[in-house]
Amino acid sequence: MTNLDALRQRVPAGILLTDPELVEPYRRDMTDLVDAGKPAAVLRPTTTAEVSAILAWANDSRTVVVPRGAGTGLSGGAAALDGCVIVSLERMHEIREIDSANHTAVVEAGVINADVSRAVADAGLFYPPDPGSYETSTIGGNLATNAGGMRCVKYGVTRNSVLGLEVVLAGGRILHTGGKTIKDVAGLDLTQLFIGSEGTLGVVTAATLRLRPLPVATATFAATFSSLDAGGRALDAIRASGVTPSMLEIMDNATINAVEDYKRMDLDRSTALLLIGQADGPDAGGQVDRMLAACTSAGADLALAADDPEEADLLLEARRAAGWALTRQGATVVEDVAVPRSALGQMIAAVPRIGAELGVRIATVGHAGDGNIHPILLLPDLTDGTRKRAMQAADRICATAIALGGSITGEHGIGELKRQWLPDQLDQTALDVQTAIKRALDPNTILNPGRGF
Ligand SMILES: Cc1cc2nc3c(=O)[nH]c(=O)nc-3n(C[C@H](O)[C@H](O)[C@H](O)COP(=O)(O)OP(=O)(O)OC[C@H]3O[C@@H](n4cnc5c(N)ncnc54)[C@H](O)[C@@H]3O)c2cc1C
């Protein structure tokens, strides 16, 4: 009896796919530079009990498990490994509970991010973390990568909106952490341990999410700059003004042009840097006025508030389209670095220099309010020479972020792509502690080995 025959006896028929044509769409995520392996099967459980049976079998048979959400990851974390089983959570998409009194929702891992906010809108609530992939990516994938997004500058990243988890451990045991309470210091914070662990410590099957009241008002603005330096100065001035934006995003010239090519939005194709910002709450308009003044004092060519909600929606749509517009131009490496916010101007300025020196086209887009940018390497092909140059550029970008006191990844995770740079950022003690945690929770190394830390 093969390993898979043994599994068939433990799970219902129909959750196991082995036909190569059906398996193929599950092999990769959106990382062009990580080569996907050949999986033995794809498993699509519908209940936590089925996930538990799969992990018990995988642990007994020493079969590698690659957990998967929607496969929109940008660091190769969900790409198949040779001989693995891919455990796709896509069919666990139930919203189990909405508790409007406590501002919480219990959702399964396969629920699409944007569906959470849609489901709770009638209760006057929303779920803040909003990665650019929010209409596609899953809560499980967001949790596993600790995803960020445009609203994180005010509301925090995924970990700031999660109160509890249901996780299946390597041997099949089901762990429940946290709950509906905002404050809870009983024991170690296991919820936070699993968030950002990239499928290496357990498979998340459900989460208790923290929701927020919909803002009473929002105001939106855009400012254009003829140089990256002036844009950097505007970001410093906005921070110094004491305003709390609910969004503060940038798009450079190459990004603006990619968005215009993708969908005509009448953005000015000659602008060096476009800043899009938003404030929410009772004083949203006043806060936007202060951000506009900061942009003007920093030398903006144009700094205007959006006159009506449609105009505001268009600006946000342009920014949300940027990732898709750039990744569909051809092969890409979507870099993701974060620096202390006062160093962001230096980071933004370093990127085109690195691109010019190595002959790599780079478009930059990012969550400027968080000090988190995505220099997107636009590659003509995936030949060995191009790959080598791209990795050199990525190496220089990561080194610059570290030298500025920052991180090699702000929100996309280490996955497979970024493992080589992790020891440049973390010292040996930090790496040893992470390895010890991994050994304790996954002694047979079946969970997404070679990914993350
Ligand atoms: C156009 C575009 C824009 C994007 N914008 C952003 C952005 O603004 N912010 C941001 O942070 N990211 C962004 N991303 C990256 C990506 O969407 C996120 O990393 C997202 O969280 C991945 O979710 P997913 O469901 O696709 O997960 P996958 O890609 O399937 O998996 C990602 C990782 O999580 C693990 N995993 C998935 N589900 C589980 C589970 N249930 N339990 C345990 N481990 C699991 C996988 O093994 C893998 O390591 C963007 C991607 C695209 C294509």
**Request:** For the range 110-143, enumerate the residues that are within 22 Å of ILE414 (Cα to Cα) and open to solvent by less than 20 Å² (accessible area, probe 1.4 Å).
**Result:** GLY110, ASN113, PRO129, ASP130, PRO131, SER137, THR138, ILE139, GLY140, ASN142, LEU143
**Prompt:** Of all the residues that make up the range 59-71, how many are assigned to a loop (DSSP other than H, G, I, E, B) and crowded, with 24+ Cβ neighbours inside 10 Å?
**Reply:** 1
**Prompt:** Taking into account only those residues within the range 144-158 that are under 26 Å from ALA217 (Cβ atoms) and out of contact with any strand residue (DSSP E or B) (no Cβ under 8 Å at 6 or more places or on another chain), which is most open to solvent (accessible area, probe 1.4 Å)?
**Reply:** VAL157
**Verdict on GLY410 being open to solvent by less than 10 Å² (accessible area, probe 1.4 Å), within 16 Å of the ligand (Cβ to nearest atom) and not in a helix (DSSP H, G or I)** = no
**Fill in**
Those residues of the range 417-430 that are open to solvent by less than 70 Å² (accessible area, probe 1.4 Å) and within 16 Å of the ligand (Cβ to nearest atom) come to a total of 3
**Fill in**
Subset of the range 61-75, residues out of contact with any strand residue (DSSP E or B) (no Cβ under 8 Å at 6 or more places or on another chain) and near the ligand (Cβ under 6 Å from one of its atoms), comes to GLY71, THR72, GLY73
**Count of the range 251-282 residues which are assigned to a loop (DSSP other than H, G, I, E, B), free of Cβ contacts under 8 Å to residues at least 60 places away in the same chain and surrounded by 15 or more Cβ atoms within 10 Å (Cβ to Cβ)** = 3
**Fill in**
Condition set assigned to a loop (DSSP other than H, G, I, E, B) and on the phi < 0 side of the Ramachandran plot, scope the range 155-178, selection nearest to the ligand (Cβ to nearest atom): answer is VAL157
**Item:** Candidates VAL351, VAL365, filtered to the one that is modelled with pLDDT of 95 or more, open to solvent by less than 10 Å² (accessible area, probe 1.4 Å), closer than 24 Å to ASN142 by Cβ and among the hydrophobic types (A, V, I, L, M, F, W, C)
**Value:** VAL365
**Request:** Check PRO449 against each of (1) assigned to a helix (DSSP H, G or I); (2) within 16 Å of the ligand (Cβ to nearest atom) and name the one condition it does not meet.
**Result:** (1)
**Asked** Looking at the range 42-58, which of its residues are more than 13 Å from the ligand (Cβ to nearest atom) and either open to solvent by 30 Å² or more (accessible area, probe 1.4 Å) or at positive phi (or both)?
**Response** THR46, THR47, ALA49
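Mind listing whichever residues of the range 258-313 are of a type in the set (Ser, Thr, Tyr) and under 29 Å from the mean Cα position of the chain (by Cα)?
Selection gives TYR262, THR271.
The values are calculated or read from the model by the stated rules, or taken from the named source; none is laboratory data. Since we're looking at a predicted model, the values are computed, not measured. Here Cβ is always computed from backbone atoms with ideal geometry, including for glycine, and neighbour counts include all displayed protein chains. Side chains are part of the model used for accessible areas, which takes the heavy atoms of the whole protein and leaves out ligands, DNA and RNA. Shrake-Rupley method; radii C 1.70, N 1.55, O 1.52, S 1.80 Å.
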